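Just so you know, all these numbers are worked out from the coordinates, no wet-lab data involved. The shown structure was predicted, so the numbers you read here are calculated from the model rather than taken from an experiment. Because the Cβ atoms are built from the backbone with ideal geometry, glycine has one as well, and the counts that use them run over all protein chains shown.
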Amino acid sequence: MPGGWLPLVLLAACGFGASAQPAPTRGQDPSVEITFLDVGQGDAVVIRSPEGRTAMVDAGRLSPLRFLQQMRVDSIDLLVATHPHADHIGGLDDVLTARPVRFFMDNGRPHTTETYARLMATLERLEEVTYLQATPRTIVLGSVSLEVLPLPTGELDHNDRSVGLVLRYGDFTAFLSGDSERYELGYWTERGRVPDVTLLKAPHHGSVNGFTRPFLENARPEVVVISVGADNEHGHPRPEAMTAYETWADRVLRTDLHGSVTVLGYRDGRWEVVTTRGDDSVGARGEADVDVAEGAPAERDAAKGAGLSLTVVPDAPGNDHHRLNGEYAIVYNESATDVALGGWRLCDLRSRCFRFPPDARVVAGRQVRVFTGYGMSDGVSFFMNNERAVWNNDGDEASLYDELGALVLRYVY
Ligand SMILES: [Zn+2]
């Protein structure tokens, strides 16, 4: 890890009184509570430590005060603007005006908008708010720490200078980075600044430029939350992003479908999800734009061997020929080591085959999916680029051959 980056800001040592409300604990154990507010297209995240220290990262486009009221957030120790776009800073003004805020942090890069000018004017007026620039440092919120990642320099779009935060509470780790895109994600990945995380806030609202394969290989999130507005004009979250997150994570939640999403993180790395809309148990799957069918075959049906399992979801919703990515094969790695798939072939009964690219692999404990239709591979989703359905709904065979042509697995249904 690069050295010389760790000036420590101890909020607890800066005279915070007992004014903050403790986070409501739903179980017996203390937890950090991270809530993604249902603010439409934008980001607004409230973090509460077990001791009641509170941070807020972005505030959506409009006022988030009704949420803060419901959550009884009476004061904020650290308020962060990841970058000065209106869907992140629009609501900050109201927060600063209505709640005592101790520290305000941004990336130091001004913007030309009225929203930004109004925010700066408010900050100037509020002398009691201490300004922090987002330089590499660790901020301590009770027993929770927030590592501020280094920002790339140069002529970059605002998104690629989003403030990046790694939250740690015991073994529970979360990664928040506003609207960072491939450049900034690559900058952190190359410098070893992306740890194995428990929770990932999908960068840039589940945009197609908000993830990379190396980034996800490092982050390996167990739960992903996408902060996104219903029917937004950008088409977020994009099917490619949904596929990638669903492949990597055990649960993918969206504020447009689940309302406000709270992730409770425990010291031993366990986590729990509470949503304001819908049944928590349906949070993980469904509604994926890539037409992932519900009800994938139970694992017992899969063909197993060599530490891998193979299944096919042959029946896309509706007409298979029109929704080619609604049918797909899943190669799941049950072993503890990654398996290289370069040059391997996946074939149906009529020897229509897909050959994995040379660098393909399936990470230990994870899966890759091979979709029938057209798409760009990201390393976890592969596409046969077929114009017709491949897998017969009423019975077929999927055979997986290694690079030497030896049969590894055959799934018959
Ligand atoms: Zn945004």
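Classify the stretch 351-413 from the C-alpha gyration tensor, please: rounded if a/c falls under 1.5, else prolate or oblate depending on whether a/b exceeds b/c. Oblate.
Taking the Cα centre of the chain as origin and assigning +1 to Lys and Arg Cβ atoms and -1 to Asp and Glu Cβ atoms, the resulting dipole is close to 660 debye.
Report note on the peptides 376-383, 65-72: ranked by the mean count of other C-beta atoms within 10 Å, highest first, their order is 376-383, 65-72.
Listed values for the stretch 97-107 are Karplus-derived 3J(HN,Hα) couplings in whole Hz (6.51 cos²θ - 1.76 cosθ + 1.60, θ = phi - 60°), namely 6, 9, 10, x, 10, 8, 10, 10, 10, 9, 8, and x replaces Gly and Pro. Taking only the Cα atoms of the chain, the radius of gyration and Dmax are 22.6, 73 Å. Sorting 179-185, 115-121, 103-109, 125-131 by their mean Cβ neighbour count within 10 Å, with the most densely packed peptide first, gives 179-185, 103-109, 115-121, 125-131.
Which shape class applies to the stretch 299-412: rounded if a/c is under 1.5, otherwise prolate when a/b exceeds b/c and oblate if not, where a ≥ b ≥ c are the square roots of the Cα gyration tensor eigenvalues?
Since a/c reaches 1.5 and a/b is larger than b/c, the shape of the stretch 299-412 is classed as prolate.
Karplus-derived 3J(HN,Hα) values for the stretch 357-368, using 6.51 cos²θ - 1.76 cosθ + 1.60 with θ = phi - 60°, are x, x, 9, 5, 7, 10, 5, 3, x, 10, 10, 10 Hz; glycine and proline are entered as x. The three principal axes of the Cα atoms in the stretch 106-219 give end-to-end lengths of 44, 35, 23 Å, sorted in falling order. Taking the centroid of alpha carbons for each part, the stretch 192-259 and the stretch 339-413 are 24 Å apart. Residue exposure proxy: Val225, Val408, Val144, ordered by other Cβ atoms within 10 angstrom of their Cβ from fewest to most, comes out as Val408, Val144, Val225.
Among rounded, prolate and oblate, which fits the stretch 92-141 when a ≥ b ≥ c are the square roots of the eigenvalues of its C-alpha gyration tensor, a/c under 1.5 means rounded, and a/b larger than b/c means prolate? Here the stretch 92-141 falls in the oblate category.
Taking neighbour Cβ counts within 10 Å as the exposure measure, how do Phe215, Phe36 sort from fewest upward? Don't jump to the answer; show the numbers that get you there.
Working: Phe215 22, Phe36 28.
Least crowded to most crowded, the residues run Phe215, Phe36.
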